[in-house]
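Peer 1: If you scroll down you'll find the structure; I have some questions about it.
No value in this document is a laboratory result; all are computed from the given coordinates. Please read these numbers as outputs of a predicted model, since none were measured by experiment. Ideal geometry is used to build each Cβ from the backbone, glycine not excepted, and the neighbour counts take in all protein chains shown.
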Amino acid sequence: LHADYDPDNIFAKMLRGEVPCVKVFEDDVALAFMDIFPQAEGHTLVIPKDVEARNLLEMPKDKLGPYMKRVQKVTKAVEKALKPDGIVVTQFNGAPAGQTVYHLHFHIIPRREGEPLGR
Ligand code: 5GP
């Protein structure tokens with residue numbers, strides 16, 4: 001639990017079922033859903049459950065391994081479903097880095113040959 005974590009951030013609300021999202025994967029460790037402003041077709045976000053961490057720096061070590069396994073699992077599912085030419089997996093720490101939602105999340109962004117990078 002991190003002191004600066006805001007339990008009313010939009011992803012925390014999704015985890016509580018207060019805000020809808022298009023779920024693509026969910027288990028006891030993580031939830032994956034479609035990004036509402038996709039940078040490319042299939043842009044997916046993966047967030048950890050039962051943890052109050054704004055970003056990677058605040059993620060408890062014991063929760064990190066299980067969560068990253070889900071990030072890989074969802075990346076593989078995106079690869080299988082969309083067969084992109086490549087996949088960008090990114091994560092931002094702090095506003096100057098581009099972070100806008102303060103619950104840890106990894107972006108999974110399918111890339112196509114010749115398609116310009118959105119970010
Ligand atoms: P960040 O810049 O913090 O790494 O990325 C936050 C991401 O969350 C952005 O890509 C943004 O489009 C996405 N996002 C923000 N609000 C919502 C929402 O209400 N629903 C969904 N599905 N995605 C959201």
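Peer 1: Determine, from the Cβ-Cβ distance of residue 28 and residue 83 and an R0 of 35 Å, the FRET efficiency 1/(1 + (r/R0)^6), rounded to the nearest 0.05. Before the final figure, lay out each step's value.
Peer 2: Details: r = 29 Å, r/R0 = 0.83.
Result of the calculation: an efficiency of 0.75.
Peer 1: More than 24 angstrom separation, counting every C-alpha pair in the chain; what % is that?
Peer 2: Values: 1608 of 7021 pairs.
That fraction is 23 percent.
Peer 1: Moving to a separate point now. Hey, what did the chain get for relative contact order, percent, Cα under 8 Å, at least 6 apart?
Peer 2: On the way: 182 pairs, mean separation 35.5, N = 119.
Relative contact order for the chain comes out at 30 percent.
Peer 1: Here's another thing I want to ask about it. Based on alpha-carbon centroids, what's the gap between segment 4-67 and segment 93-119 in Å, whole number please?
Peer 2: 14 Å
Peer 1: Further question: Could you tell me how many degrees, from 0 to 90 and to the nearest 10, lie between the Cα long axis of helix 61-82 and the main elongation axis, the longest principal axis, of the Cα atoms of the chain?
Peer 2: 30 degrees
Peer 1: So what's the back-of-envelope 222 nm ellipticity for the chain, counting only DSSP H runs of four-plus at -39500 (n - 2.57) apiece and dividing by all residues, rounded to 500? Mind dumping the intermediate values first?
Peer 2: Details: 2 runs with 28 residues, N = 119.
One gets -7500 deg cm²/dmol as the mean residue ellipticity at 222 nm.
Peer 1: Something else about it: May I have the count of lysine pairs in the chain with C-alpha atoms under 18 Å apart, counting pairs 8 or more residues apart or located on different chains?
Peer 2: 15
Peer 1: For residue 73 and residue 19, compute 0.36 nm times the residue count separating them, minus their Cα-Cα distance, and round to one decimal in nm. Numbers along the way, then the final one.
Peer 2: On the way: separation 54, 0.36 × 54 = 19.44 nm, distance 2.42 nm.
The residue 73-residue 19 span can extend by a further 17.0 nm.
Peer 1: Continuing with this model, one more query. Rounded to the nearest 20 debye, what is the charge dipole size of the chain about its Cα centre when +1 sits on each Lys and Arg Cβ and -1 on each Asp and Glu Cβ? If you can, show how the numbers build up before the last one.
Peer 2: Details: 16 positive and 17 negative charges, 75 e Å.
Using Cβ point charges on Lys, Arg, Asp and Glu, the chain gives about 360 debye.
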